[in-house]
């Protein structure tokens with residue numbers, strides 16, 4: 001043992017006792033880290049298993065056509081209507097900003113006429129779907145996570161369960177389907193409004209008419225651009241719905257968990273959007289570009 | 001499916017055990033609920049009372065033991081059969097668990113439309129008004145749950161349970177958080193309902209009023225086991241100090 005400058009007694013690493021103590025300490029620390037790592041990985045695997053089972057249950061209900069139509073239509077209206085103004089505003093600004101920022105460089109290369117086509121492809125293929133899905137995850141995903149989390153905490157889900165009302169079907173299937181359907185619809189709105197924003201951007205420093213702009217913007221867009229973009233929108237919607245419902249439906253007790261459910265719904269949904277996007281780009285590349 | 005229990009027993013549990021991790025909450029619980037009786041389950045907070053009734057409707061799955069409801073082992077039912085069974089059981093939650101995005105009317109209509117698949121609007125309205133009359137809250141029909149007091153919420157929760165015409169009602173601390181007058185009103189309501197609907201009930205409580213007013217029979221839980229069982233008058237005169245401390 002030695003007295004350190006701070007006045008604390010510490011084990012001297014070179015003393016035989018100190019070395020043993022240090023080894024023991026390090027061993028304990030390493031084994032604690034291994035245990036923590038094991039716990040983390042096992043909880044990750046458990047969550048993965050739970051998530052897979054949850055998705056399987058949703059698919060089973062859908063394939064058995066056990067769809068709560070009334071609630072599904074109500075949710076379509078709620079999630080679509082709730083996000084429409086925000087999605088349109090974002091789409092408009094996205095188109096406008098993209099046009100204003102791209103213009104100088106295209107002017108420099110004498111390719112100003114390519115501006116509508118470039119913005120059109122960017123919006124339709126990538127920016128429209130991804131940005132809209134992210135906004136949808138923030139607005140609707142957090143709402144679903146908080147709503148179901150709060151229902152879980154206040155025993156409303158249990159109350160449905162014990163009355164035989166099949167809450168999973170009523171609450172989860174309706175919301176997942178509504179998200180799956182509404183994200184593509186919102187993306188279409190965002191794309192059209194984004195192109196209008198771009199048209200405004202073009203006309204700030206130039207002069208173009210609407211029909212000419214739209215024909216130049218849509219001209220380079222092929223089926224191989226549209227189909228994968230639209231298809232991945234359905235996947236984004238399904239992922240946002242399923243992840244948000246999962247986080248809310250399995251929220252633990254306590255009001256704190258409601259906030260946590262809302263927060264993790266957004267984080268996990270956003271992550272899923274990027275993963276699906278990366279995979280979709282790869283598949284599209286293989287399918288359409290060899 | 002088994003039909004071993006006595007014909008007058010609507011619920012029968014045998015050797016019921018439930019633990020959460022290391023903590024054993026229920027240890028070897030065996031009891032029965034007879035037709036048309038109010039069985040009050042009494043015990044300290046954390047003694048496993050709520051866990052017991054949640055196991056009966058399989059909101060929680062017991063570690064071991066058997067729970068027979070109407071002669072069927074509830075632990076081995078598939079989801080369809082379990083749902084069918086649950087339709088015969090009403091459950092009043094401690095917090096009433098009203099659906100807070102729905103009005104009182106929608107709360108009451110929900111099980112009729114969703115579970116009983118009723119479509120006739122006139123019939124649904126008639127049924128809703130009837131149960132609201134039974135709990136003396138006809139005026140609250142268009143209110144939202146956030147506009148109701150604690151006692152009113154419990155009454156509406158009870159109305160939502162009654163609308164399904166249950167044969168068994170499980171009450172989880174029906175008077176918790178209520179003033180003594182509202183508490184006595186709820187107890188009297190439980191008795192009225194029992195007479196009118198001829199249902200059997202399990203009432204979880206630690207409220208002396210509930211025990212005195214509603215109980216046909218008492219079950220006292222202590223540290224996960226049944227410590228005493230009998231009628232209120234019998235247990236009140238018991239020599240057991242723990243029972244005495246609870247009932248006097």
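Structure notes:
- Considering only beta bridges that DSSP places wholly inside the protein assembly as shown, some 55 percent are antiparallel.
- Sites residue B:192 and residue B:28 - FRET efficiency at Förster radius 45 Å, r taken between beta-carbons, to 0.05: 0.80
- Comparing mean-square fluctuations of B:110, B:20, B:93 from a GNM of chain B with C-alpha springs under 10 Å, the top value falls on B:20.
- Distances between every pair of Cα atoms in segment B:98-165, grouped in 5 Å steps from 0 to the bin holding the largest one, split as 4, 20, 35, 25, 13, 3, 0 percent.
- Whole-angstrom gap from segment A:135-208 to segment A:249-290, using each part's C-alpha centre: 13 Å
- Highest-fluctuation residue, B:169, B:156, B:124 considered, GNM on chain B with Cα pairs under 10 Å: B:124
- Efficiency of FRET between residue A:139 and residue A:234 - r from beta-carbon atoms, R0 25 angstrom, step 0.05: 0.85
- Based on C-alpha pairs under 8 angstrom that are at least 6 apart in sequence, chain A has a relative contact order of 26 percent.
- Three-way shape label, segment A:141-180, alpha-carbon gyration tensor, a/c 1.5: oblate
- Extending 7 Å from the Cα toward the beta-carbon at both residue B:138 and residue B:122 defines two label points whose distance is 2.0 nm.
- Inter-site label distance for residue B:165 and residue A:93 at 7 Å from Cα along Cβ, in nm: 5.8 nm
- Segment A:51-289: C-alpha gyration tensor shape, a/c 1.5 cut-off, then a/b vs b/c: prolate
- Rounded to 0.05, the FRET efficiency of the residue A:84 and residue A:219 pair, given R0 = 30 Å and the Cβ-Cβ distance, is 0.60.
- Between residue B:176 and residue B:236, the contour length at 0.36 nm per residue exceeds the alpha carbon distance by 19.4 nm.
- Contour minus Cα-Cα distance for residue A:256 and residue A:101 (0.36 nm per residue): 51.5 nm
- Shape analysis of segment A:162-290 places it in the prolate category; the axes a ≥ b ≥ c from the Cα gyration tensor give an a/c of at least 1.5, with a/b above b/c.
- Segment B:133-176 - Rg over Rh from alpha carbon coordinates, Kirkwood radius: 0.96
- Selected from A:176, A:30, A:202 as most flexible by GNM, with chain A as the system and alpha-carbon contacts under 10 Å: A:30
- Rounded tilt (10° steps) of B:150-162 against the dominant C-alpha axis of chain B: 90 degrees
- If the segment from residue A:113 to residue A:64 were pulled out straight at 0.36 nm per residue, it would be longer than the present Cα-Cα gap by 12.5 nm.
- Computed from the alpha carbon atoms alone, the convex hull of the protein assembly as shown holds 285 Å³ per residue.
- Taking a point 7 Å from the Cα of residue A:211 along the Cα-to-Cβ direction, the residues of segment A:97-140 with backbone N closer than 20 Å to it are A:116-117.
Computed from the coordinates by the stated procedures, all read-outs in this text should not be read as laboratory data. Everything numeric here is computed off the predicted structure, so don't read it as measured data. When we count neighbours, we look across all protein chains shown, and the Cβ atoms used for this are built from the backbone with ideal geometry, even at glycine.
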